[in-house]
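I have placed the structure first, in the form of structure tokens, so that the comments after it can refer back to it.
The values are calculated or read from the model by the stated rules, or taken from the named source; none is laboratory data. Everything numeric here is computed off the predicted structure, so don't read it as measured data. For neighbour counting, all protein chains shown are included, and Cβ atoms are generated from backbone atoms with ideal geometry for every residue, glycine included.
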Amino acid sequence: MHELSITRSIVAIVCERAINQQVTRVCLEIGCLSAIQPEAVRFCFDVCAKGTAAEGATLEIMEIPGRGSCSKCGVEVALTALVGRCPVCNGALTLIAGEEMKIKEMEVESCA
């Protein structure tokens, strides 16, 4: 399960950026074609955050749908797999969304 190491990295990055403040919320974007299972990340998050500045933080995950663009006619289509052909002209599709995994935002408690 590679989600465990990915989640450890997410927690490490968030804690580093928190600069000794308590993290209260983390929002991730995970593409549905990224081979990362959002539920596995949710499962691992509390375990990885235990004892860190992210312990107790709320985890929000936004799943990004797959999108492709045709290299011939330029049409954009929804993708459910990394490969496919354009339904309009049978041209090759270039992936434009759905493979990403990023920390979109985080919230920390105010020190004041």
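Looking only at segment 93-103, how many residues end up being assigned to a strand (DSSP E or B) and under 30 Å from Val11 (Cα atoms)?
Of the residues in segment 93-103, 6 are assigned to a strand (DSSP E or B) and under 30 Å from Val11 (Cα atoms).
Just one of the numbered conditions (1) at pLDDT below 95; (2) crowded, with 19+ Cβ neighbours inside 10 Å is not true of Cys44; which one?
The one condition Cys44 does not meet is (1).
Looking at Asn90 and the list (1) over 18 Å from Cys32 (Cβ atoms); (2) in a strand (DSSP E or B), which single condition is not satisfied?
Just one mismatch for Asn90, condition (2).
Within segment 66-81, does at least one residue satisfy the condition of being surrounded by fewer than 14 Cβ atoms within 10 Å (Cβ to Cβ), within 24 Å of Ile10 (Cβ to Cβ) and of a type outside the set (D, E, K, R)?
Within segment 66-81, not a single residue is surrounded by fewer than 14 Cβ atoms within 10 Å (Cβ to Cβ), within 24 Å of Ile10 (Cβ to Cβ) and of a type outside the set (D, E, K, R).
Being at pLDDT 95 or above and under 15 Å from Arg8 (Cβ atoms) narrows it down to one residue among Glu29, Glu55; which is it? It would help to see each step written out before you state the result.
Details: Glu29 fails: under 15 Å from Arg8 (Cβ atoms).
Step by step, each of Glu29, Glu55 is checked, and only Glu55 is at pLDDT 95 or above and under 15 Å from Arg8 (Cβ atoms).
For segment 10-38, enumerate the residues that are out of contact with any strand residue (DSSP E or B) (no Cβ under 9 Å at 6 or more places or on another chain) and either part of a helix (DSSP H, G or I) or surrounded by 17 or more Cβ atoms within 10 Å (Cβ to Cβ) (or both). If you could, list the steps in order and put the result at the bottom.
Within segment 10-38, the first condition is being out of contact with any strand residue (DSSP E or B) (no Cβ under 9 Å at 6 or more places or on another chain), and the residues that meet it are 12, 16, 20, 35.
Correct list: Ala12, Glu16.
Which residues, counting only those in segment 101-111, are in contact with a Ser or Thr (Cβ under 7 Å, 6 or more places away or on another chain) and surrounded by fewer than 13 Cβ atoms within 10 Å (Cβ to Cβ)?
Glu109
Return the residues of segment 39-56 that are among the acidic types (Asp, Glu) and either within 14 Å of the chain's Cα centre (by Cα) or in a loop (DSSP other than H, G, I, E, B) (or both); say none if nothing qualifies.
Kept after step one, since they are among the acidic types (Asp, Glu), are these residues of segment 39-56: 39, 46, 55.
Across segment 39-56, the qualifying residues are Glu39, Glu55.
Given the conditions (1) farther than 20 Å from Leu4 by Cα; (2) assigned to a strand (DSSP E or B); (3) of a type outside the set (Ser, Thr, Tyr); (4) touching a residue at least 60 places away in the same chain (Cβ under 8 Å), which single one is not true for Met106?
(1)
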